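The values are calculated or read from the model by the stated rules, or taken from the named source; none is laboratory data. Because the structure is predicted, anything quoted here is derived from the model rather than measured. Backbone-built Cβ (ideal geometry, glycine too); neighbour counts: all protein chains shown. Note: areas computed on protein heavy atoms with side chains; ligands, DNA, RNA excluded. Shrake-Rupley method; radii C 1.70, N 1.55, O 1.52, S 1.80 Å.
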Amino acid sequence: MIAPMATNPIPQFPAGFLWGVSTSAHQIEGAVDERKPSVWDAFTAEPGRVKDGSTAAVACDHYHRYREDVALLAGLGVDAYRFSVSWPRVNSPNGLDFYDRLVDELCAAGVRPVPTLFHWDLPVQYDWLDRDTAARFAEYVSVVAARLGDRVTKWITLNEPAEHTLLGHAIGAHAPGKRLLFDALPVAHHQLLAHGLAVRALRAAGATDIGIANSHGPTWPASQEPADLEAAGFYDLLLNRLFAEPVILGEYPDGMGELITGDVHSDLKAIAEPVDWYGINYYAPTKVGAPQGTDTEFGGLTIPSELPFSVREIEGRPLTDFGWPVVPEGLTELLTGFRDRYGDRLPPIVITENGCSYEGIDDQDRIAYLDGHVRALHRALEAGVDIRGYFVWSLLDNFEWAEGYARRFGLVHMDHETRTRTPKASYRWFQEMLRAQRQGTRG
């Protein structure tokens, strides 16, 4: 079934605007026996860590079925495919051969390869609490760039260091499962340092189109009471500014640098290596209030009572199957807010992830979600924000981290027993939207 375009067509985006979809290696590749282990392999082997008890040992079997998936990308009509390179696979014998084959297949199909060099699957022998991991990451990046740089021109260093820090190291909900609370701050710093060192390594290999994929969203205070405003301000500092400002401005906000040990000043010079664009993953705003004295549940996570804030429900909004609120205008608010805060220091923006979890192949709710967010993105363009691209999360229903296979973000439905791929109504909608965009550009 081809979903009908909305009565009111999507506004026209500029010529050269980059349309794509995103995935990550651990979530789709499988072939776990053909690579070295990651922290996610160790995490999922522990009983109770993943809600449905599953692992990514096979996942979507993309490692063996990548040609079928590239054909889906070509049929969708996207300009680019954002995938991730598995550091544990590259560390394995002949591991880079797979990415050679994938990149060749993408280029032959006319789809631009956009690799992310770290998407949470850290080799088990490394630890982001160790500053030396940043240097090891730069060495790995050099190896990948030397092999793929003749065909890959657009690179992403890291994906969502904020979530990897908070969920993996502060509250223990993701791999490696540590519950360090604020003692996890060195993890944030070392990932940011790894980003800067990776930019240097990519420049040395001749790369001229480099970005990072940070997750951001507006922070809404639960009320105008001083305690709620203070908590919301701190949350925004921790989840937004802590990861944006070292990259964009070359400094930590509001004294956060004093909490990091080591030669922070020297590290910030590396972290602030100029990027060509700044990637943003957007899903929803977060409503934040003062701590409530007990652990709280939100979006499948337990927020510890020890933190100086609590996350509240955003009322009066439709929810995805994940329980996340659908707030397209939050994307416009976020982008114009970044423009206002950082001015001409802000690089061009690429939305490197935006998507939602819904069941079903006739996924009209996903169509409505994407329609609303693409329009919100265009409103930010009209407001003067320099936006260069938009990537949907995700191509395939996949292994959704600690949720296992219980959440479906794909434009393509995955039968997790047979690995049969079935394009959803949202795939057809996105296909038709891209076709209309190109016709309008030519016209």
Original post:
Residues in the range 390-425 that are assigned to a helix (DSSP H, G or I), within 22 Å of the chain's Cα centre (by Cα) and either farther than 30 Å from R49 by Cβ or without any contact (Cβ under 8 Å) to a residue 24 or more places away in the chain (or both): how many?
Top reply: 0
**OP:** Please work out which one of (1) surrounded by 20 or more Cβ atoms within 10 Å (Cβ to Cβ); (2) touching a Ser or Thr at 6+ places or on another chain (Cβ under 8 Å) is the condition S54 fails and give its number.
**Re:** (1)
**OP:** State whether the residues of the range 10-30 include one that is modelled with pLDDT of 95 or more, farther than 29 Å from R438 by Cβ, in a loop (DSSP other than H, G, I, E, B) and in contact with a helix residue (DSSP H, G or I) (Cβ under 6 Å, 6 or more places away or on another chain).
**Re:** yes
Original post:
Restricting attention to the range 118-150, which residues are open to solvent by 60 Å² or more (accessible area, probe 1.4 Å), in contact (Cβ under 8 Å) with a residue 12 or more places away in the chain and either closer than 26 Å to A45 by Cβ or in contact with a Cys (Cβ under 7 Å, 6 or more places away or on another chain) (or both)?
Top reply: V124, L129, D130
Subject >> Unique match (being touching a strand residue (DSSP E or B) at 6+ places or on another chain (Cβ under 6 Å) and over 23 Å from R421 (Cβ atoms)) among P9, P88, P47, P93 >> reply: P88
Subject >> Subset tally (residues that are of a type in the set (D, E, K, R), in a helix (DSSP H, G or I) and within 20 Å of the chain's Cα centre (by Cα)) for the range 124-172 >> reply: 1
Original post:
Considering the range 407-441 alone, what residues qualify as being open to solvent by 20 Å² or more (accessible area, probe 1.4 Å) and of a type in the set (S, T, N, Q)?
Top reply: T418, T420, T422, Q431, Q439, T441
Subject >> Which numbered condition A71 misses (of (1) open to solvent by 10 Å² or more (accessible area, probe 1.4 Å); (2) not in a helix (DSSP H, G or I)) >> reply: (2)
